[in-house]
1. What pairs come out if I take residues in the range 411-428 that are more than 15 Å from Phe378 (Cα to Cα) and pair them with residues that are surrounded by fewer than 14 Cβ atoms within 10 Å (Cβ to Cβ) and not acidic (Asp, Glu) whose C-beta lies under 9 Å away, six or more apart or interchain?
2. Name the pairs: first residue in the range 253-274 and touching a residue at least 12 places away in the same chain (Cβ under 8 Å), second residue in a loop (DSSP other than H, G, I, E, B) and surrounded by 16 or more Cβ atoms within 10 Å (Cβ to Cβ), Cβ to Cβ under 6 Å, at least 6 apart or on different chains?
3. Is it the case, given these coordinates, that Arg196 is assigned to a helix (DSSP H, G or I), farther than 20 Å from Ala102 by Cα, among the basic types (Lys, Arg) and at pLDDT below 95?
4. Looking only at the range 382-397, count every residue that is surrounded by fewer than 24 Cβ atoms within 10 Å (Cβ to Cβ) and over 28 Å from Ile166 (Cβ atoms) and tell me the total.
5. Among the numbered conditions (1) in contact with a Gly (Cβ under 6 Å, 6 or more places away or on another chain); (2) at pLDDT 80 or above; (3) closer than 24 Å to Asp387 by Cβ, tell me where Leu286 comes up short.
6. Being among the aromatic types (Phe, Trp, Tyr), at pLDDT below 75 and part of a helix (DSSP H, G or I) is true for just one of Phe295, Phe338. Which residue is that?
7. Please work out which one of (1) modelled with pLDDT of 90 or more; (2) under 14 Å from Ser84 (Cβ atoms); (3) out of contact with any strand residue (DSSP E or B) (no Cβ under 9 Å at 6 or more places or on another chain) is the condition Ile115 fails and give its number.
8. State the number of residues belonging to the range 355-381 that are within 15 Å of Gly155 (Cα to Cα), among the small types (Gly, Ala, Ser) and crowded, with 22+ Cβ neighbours inside 10 Å.
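The values are calculated or read from the model by the stated rules, or taken from the named source; none is laboratory data. Just so it is clear, the model here is predicted, and its values are computed rather than measured. Glycine also receives a Cβ, built like all others from the backbone with ideal geometry; neighbour counts cover every protein chain displayed.
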Amino acid sequence: MALAVIAGEIIIADFHLLDAFGLIVKRFASLLSELWVLKTLAFAVMVGAVMALIERSGGVGALVHELSVKRSWVNSRRSALIPSFIAGIIIFIESSITSLVAGAVGKPFCDRYGISRAKLAFVCDSTSAPVCSIITVNGWGALLLGLIGGQIAAGLIAGEAGEWLIAAIAYNFYAYIALIVTFAVIWYEIDIGPMRSTSASDEKVICEENRKTIGLFLWPMIWMIGGVIGFMLLTGGGNILKGSGSSSIFYALSLTLLLMWVYYRMSGAMGNREFFLSAYRGAKSLTPIAAILLFAFAIGGVSSDMEVGTYLASFIGDYLPSSYLAGAIFLLSSIIAFATGTSWGTFSIMLPIAIPLAIGLDAPVALAMGAVISGGVFGDHCSPISDTTIISSMASGCEVGEHVRTQLPYALISASLALVLFLIAGAVLV
């Protein structure tokens, strides 16, 4: 990642090394002066503290004991990943929280039933962004409504932004297919490509004699999820769509750590010294992830300054057959999202391009919007510099490189099917 940033800045500086060095310093200084960046980096570190405390307190073992022994809901390799999949489906407020909760729920079951952390990371990543892009009562919806509203204000399309968004989500083919493929992979225990050679973690969860309460696991999860929802409403002035995602996550995790300290002390699960030492060790273990996120943000900025998206968009000309437009937009959005590591940035680049193109070629506008959303989610899903990719790896305890390699074949299958649907829809609807 560091080499990619350096190479990009050298190109921007027209190969003047001294100027490139100045740009690199300015890039990171600018990033570290942004409050949302600092909150995101702090959030990555605080997550390590929360997860370490839950494990140290006995909450992880209590969860496994409750679901595997007392209730027998998770009693096989097939069912071990189902709790993570369900968590990924029902938590749609913010993709990072989706990945974190799905990873926290799934790790002990994967360790108990011999499932690799890479497969857990795939489940976390394959539910987070797809679900958030379908159920858009979140920051994703706020961004998309704003972008669509801009096109309405410009007079390119007429109607309500909400109606256009609902119509576009109906064509979000990649997200729907990714969820179906993920469930099939879990239920039929499908391992393809590099996933076949992954091995399970050496960590073992002993739960048969566990006397800890499941509240040690559940309450921190409830505080974290509830906190994000509450702070999204608070920062959005009562409108969750206008809330700040980075601020909400930061505040929710800060509140969660405070409540955990009070709860663990009162329940006798941990003493002060053990609590703060475990929190420090957990935070320290995820410091490298925070560094990776910082470099990912830098690469995204470099890509933006180099106008990668605009350059790639220039390949779509006015003479492209309208029946192929949706497929072409999907591919282009995928490439931009993969290169920049951001689906939101891709939406911002491509929606103002895709809508006028669809109008000019007399193609379905909602289908073009759906292609942008699908392509953004797919490219972001596969990108090694995407925050959701990195956070899914972090939440699952899997190396980022291994996660990217092992999930790529599944994502390509979903993308291929989505591309076929976009071509069929283009042929039928035009």
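1. Gly426/Pro321
2. Pairs that qualify, where the first residue is touching a residue at least 12 places away in the same chain (Cβ under 8 Å) and the partner is in a loop (DSSP other than H, G, I, E, B) and surrounded by 16 or more Cβ atoms within 10 Å (Cβ to Cβ), are Tyr264/Met270.
3. Spelling it out, Arg196 is indeed assigned to a helix (DSSP H, G or I), farther than 20 Å from Ala102 by Cα, among the basic types (Lys, Arg) and at pLDDT below 95.
4. 2
5. Against the list (1) in contact with a Gly (Cβ under 6 Å, 6 or more places away or on another chain); (2) at pLDDT 80 or above; (3) closer than 24 Å to Asp387 by Cβ, Leu286 comes up short only on (2).
6. Just a single option satisfies the conditions, and that option is Phe295.
7. In the conditions (1) modelled with pLDDT of 90 or more; (2) under 14 Å from Ser84 (Cβ atoms); (3) out of contact with any strand residue (DSSP E or B) (no Cβ under 9 Å at 6 or more places or on another chain), Ile115 misses (3) alone.
8. Selection size over the range 355-381: 1.
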